[in-house]
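First comes the structure, then the notes that go with it.
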């Protein structure tokens with residue numbers, strides 16, 4: 001099974017980190033956030049990736065082209081018979097990574113549409129390249145197989161950015177709740193799609209708009225409700241928070257073992 005990773009957006013709200021690199025390459029604990037996402041998929045047996053490139057795509061290309069040298073000790077044999085000898089085997093040695101150019105300005109649905117040839121005729125998973133979670137991918141896949149629809153989207157109840165006050169009619173504050181969990185569910189990504197999803201996509205569409213709306217109208221979209229941890233990285237404050245969680249030694253999204 002392949003995982004399609006949307007890694008081509010501009011990341012304008014994180015300009016401090018994304019002026020010279022795409023947001024999926026922003027570092028969390030010394031590794032790109034994209035790597036963390038891939039490590040979690042790999043933990044659940046999904047090790048074949050299609051990365052949808054756009055803004056600053058060459059940064060992602062260079063990272064994976066030089067991955068062996070980044071992750072291993074090696075010896076360079078100089079001279080006319082130049083060669084490189086790698087001494088270790090890293091944990092990602094069984095990954096397959098397809099880097100696919102999908103356009104600098106392409107919308108999310110268009111990016112998925114443009115990599116159809118790499119997932120032709122098979123079920124696949126997909127997610128954004130800028131959010132971390134402890135989503136149990138195996139449970140999502142079980143849920144998807146059981147309901148038999150074309151698409152599953154993982155949903156979460158986000159934590160409010162602000163504290164909430166329960167106020168009586170006379171103005172008395174009865175209760176204050178610091179950043180409670182919202183009542184409604186939002187799209188957290190971590191999709192599962194059947195091949196027929198491409199009947200709902202085109203080169204210019206926004207996945208979260210008409211395609212998902214049409215799937216819902218056709219009764220072909222199901223929600224896997226994730227009650228665990230989830231955090232997108234949209235702002236510099238969130239970037240700092242993720243790094244602080246990693247540095248603390250027990251990041252809540254880390255599902256793989258060393």
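Data table
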{"read-out": "One residue from 198, 190 being in a strand (DSSP E or B), modelled with pLDDT of 95 or more and touching a helix residue (DSSP H, G or I) at 6+ places or on another chain (Cβ under 9 Å)", "value": "190"}
{"read-out": "Meets criteria (modelled with pLDDT of 90 or more, buried (at least 17 other Cβ atoms within 10 Å of the Cβ) and either over 17 Å from the mean Cα position of the chain (by Cα) or under 22 Å from residue 46 (Cβ atoms) (or both)) for residue 224", "value": "yes"}
{"read-out": "Test for residue 145: is it part of a loop (DSSP other than H, G, I, E, B) and more than 30 Å from residue 245 (Cα to Cα)", "value": "no"}
{"read-out": "Residue, farthest from residue 208 (Cα to Cα), within segment 158-187, restricted to residues that are at pLDDT 75 or above and assigned to a strand (DSSP E or B)", "value": "186"}
{"read-out": "Selection count, segment 1-21, where residues are surrounded by 15 or more Cβ atoms within 10 Å (Cβ to Cβ) and without any contact (Cβ under 8 Å) to a residue 40 or more places away in the chain", "value": "2"}
{"read-out": "Filter result for the condition that a residue is surrounded by 15 or more Cβ atoms within 10 Å (Cβ to Cβ) and in contact with a strand residue (DSSP E or B) (Cβ under 8 Å, 6 or more places away or on another chain), over 215, 207", "value": "215"}
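Yes or no, residue by residue, for (1) within 30 Å of residue 139 (Cβ to Cβ); (2) free of Cβ contacts under 8 Å to residues at least 40 places away in the same chain:
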{"position": "61", "(1), (2)": "no, yes"}
{"position": "67", "(1), (2)": "yes, yes"}
{"position": "74", "(1), (2)": "no, yes"}
{"position": "77", "(1), (2)": "no, yes"}
{"position": "96", "(1), (2)": "yes, no"}
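Conditions (1) within 25 Å of residue 123 (Cβ to Cβ); (2) out of contact with any helix residue (DSSP H, G or I) (no Cβ under 9 Å at 6 or more places or on another chain), marked per residue:
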site: 3; (1), (2): yes, no
site: 8; (1), (2): yes, no
site: 27; (1), (2): no, no
site: 32; (1), (2): no, no
site: 43; (1), (2): yes, no
site: 59; (1), (2): no, no
site: 80; (1), (2): no, yes
site: 101; (1), (2): yes, no
site: 105; (1), (2): no, yes
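The values are calculated or read from the model by the stated rules, or taken from the named source; none is laboratory data. Every value quoted in this text rests on a predicted model; they were computed, and no experiment measured them. For neighbour counting, all protein chains shown are included, and Cβ atoms are generated from backbone atoms with ideal geometry for every residue, glycine included.
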